[in-house]
Amino acid sequence: MNKQFLLTWLVVFVVWMAGSFAVHGAWLNELYATLPNIMRTEEESAAMMHLMLLAHVVMAGAFVWIYQRGKEDKPWAQQGLRFGIAIALFAPIPTYTIYYVVQQLPGILAVKQAIGDSVVVIAVALVTAFLSRDRAAN
């Protein structure tokens, strides 16, 4: 772990939290409100926010670690986009598909969750790639 890794981890955590809030706290909030038997109330969620923060700290650190170990000597934007798409195909798209299959969720919710979180991970990957680039080469 070096200074660049820690700085990238911090920035990725902030961007990911902001993106997750934009998707789940703003865009999908009204849709979640129609599912009171499945979703927690805002008060319950607020009481568990420390777990949400911890989860995003762990995800951000792992995300940066995986990216930095696998980056190649290629343009940062190309690598970030490729990594983001790979992560979207690996995590949000299949995860929300599985949730749709096993939970009684509206199909539009699963689609919007998958799209929203895919956009977030692609943006996070581009930020990660930009901050992890070889400044001498790019």
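Answer with yes or no whether residue 115 is surrounded by 15 or more Cβ atoms within 10 Å (Cβ to Cβ) and either at pLDDT 95 or above or of a type in the set (Lys, Arg) (or both).
Taking the combined requirement at face value, the residue satisfies it.
State the number of residues belonging to segment 12-42 that are hydrophobic (A, V, I, L, M, F, W, C), open to solvent by 50 Å² or more (accessible area, probe 1.4 Å) and over 25 Å from residue 80 (Cβ atoms).
Matching residues across segment 12-42 total 3.
Determine whether residue 45 is open to solvent by less than 80 Å² (accessible area, probe 1.4 Å), part of a helix (DSSP H, G or I) and at pLDDT below 95.
Yes: the conditions hold for residue 45.
Take the residues of segment 100-112 that are surrounded by 15 or more Cβ atoms within 10 Å (Cβ to Cβ) and part of a helix (DSSP H, G or I): which is farthest from the chain's Cα centre (by Cα)?
Top of the filtered list is 100.
The values are calculated or read from the model by the stated rules, or taken from the named source; none is laboratory data. Every value quoted in this text rests on a predicted model; they were computed, and no experiment measured them. Because the Cβ atoms are built from the backbone with ideal geometry, glycine has one as well, and the counts that use them run over all protein chains shown. SASA here: full protein model, heavy atoms, side chains in, ligands and nucleic acids out. Shrake-Rupley method; radii C 1.70, N 1.55, O 1.52, S 1.80 Å.
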